[in-house]
Structure formats: structure tokens, C-alpha cells
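Here's the structure, in C-alpha cells; my notes come after.
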Amino acid sequence: LQQDQPDDYVLATGETHTVRSFVEKAFAAVDVTLDWQGEGVEEKGIDTKTGKVLVAIDPRYFRPTEVELLIGNPAKAKAKLGWSHETGLDALVAEMMVEDLKVMAHAPVMHNA
């Protein structure tokens, strides 16, 4: 925001991670280990302690033009702003989980009628 000229910058790590890896890290942050069973759209992530299905694929959320690889290139931000990421994926996921759990702790309880 302090630049003389406005411009667009990508703030990213330049690393790639799978959705599965992200999900595993998120559950690990709350001490849950997943066992993956099935294949493709039938694959499910099951809590190894309880046997409950915690992750399932829902094709309704597929993007119509899904791409194989999404990766942010922060080269311009580094060159023009001197910016580089300081938070790795593990720390970012843990921080996100802590904040989500705070929100959940203050959310009203919904009961089915």
C-alpha cells in the first residue's frame, strides 16, 4: 500500500501441496489421523480412532474447468517489494485451525427440529 504506483502482486510460497496434504495437516493440528479408503470420487478420509468418515468428496464442488496445477509465483513481489514468505504450510494450517476453533467455540449451537 505504500508503493508510489499501484500494481498487482502475488503473495505466495511458490510451493505446491496437495489438497490431501492440507487436509491431513488440518486434522493433525487437532490430533486426528485420517485413513484414506476408496479411490477417486469414492475416496473417504476416516478417523483412525473412531472409524467415522470425516472427509468425503462431493462432485457438486468441482470446478467446471479444473486445472492440474495451481501455484503462485511471488517473484514480482520479491523483486519489487523485497517480500518473501515467512510462514510455512504447517504453521499456516495450524494457525487457521486455531482461529477456526475460536470461531466454532463462539458459534450458536444449531439443533435439528
(request) Starting from the Cα of residue 78, draw a straight line to each of the aspartates and glutamates and keep only those under 13 Å, dropping any in the same chain fewer than 8 residues away. (result) 8, 86
(request) Give a quick list of GluC sites (Glu not before Pro) in the range 1-89 that DSSP marks as loop, anything other than H, G, I, E or B, with at most 11 other Cβ atoms within 10 Å. (result) 15, 39, 66, 68, 86
(request) With everything on Cα atoms, drop me the angle between helix 19-28 and the longest principal axis of the chain, reported from 0 to 90° to the nearest 10. (result) 70
(message) Taking the 0 to 90 degree range and rounding to the nearest ten, how far is the long axis of helix 89-106 tilted relative to the main principal axis of the chain, both from C-alpha atoms?
(response) 60
(message) If you average the C-alpha positions of the range 38-86 and of the range 88-103 separately, how far apart do those two centres end up, in angstrom?
(response) 15
(request) Evaluate the relative contact order of the chain (contact order divided by residue number), counting alpha-carbon pairs under 8 angstrom at least 6 apart; express in whole percent. (result) 31
(request) Quick one: which residues, 5+ away or cross-chain, put their amide H under 5 Å from the amide H of residue 55? H built at 1.01 Å from N. (result) 45
(message) Can you tell me which lysines have their Cα less than 28 Å from the Cα of residue 52? Leave out same-chain residues fewer than eight positions away.
(response) 25, 44, 102
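Multiply the residue separation of residue 18 and residue 87 by 0.36 nm, subtract the distance between their alpha-carbon atoms, and state the gained length in nm to one decimal. Don't skip to the end; give the middle numbers.
Details: separation 69, 0.36 × 69 = 24.84 nm, distance 1.75 nm.
23.1 nm is the gain from fully extending residue 18 to residue 87.
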(request) Specify which labelled value, from [x] 56, 36, 29; [y] 73, 28, 21; [z] 42, 32, 27, agrees with Cα extents along the principal axes in Å derived from the coordinates of the model shown. (result) [x]
(message) For the range 27-91, which trypsin sites (Lys or Arg not before Pro) pass both filters: DSSP loop (anything but H, G, I, E, B) and at most 15 other C-beta atoms within 10 Å?
(response) 49, 52
(message) Compute for the range 1-61: radius of gyration divided by Kirkwood radius, i.e. Rg/Rh, restricted to C-alpha atoms, rounded to two decimals.
(response) 1.24
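The numbers here are math on the coordinates, done by the rules we state, and not lab data. Keep in mind the model is a prediction, meaning the values are calculated, not measured. Please note: Cβ atoms are built from the backbone with ideal geometry, for glycine as well, and neighbour counts cover all protein chains shown.
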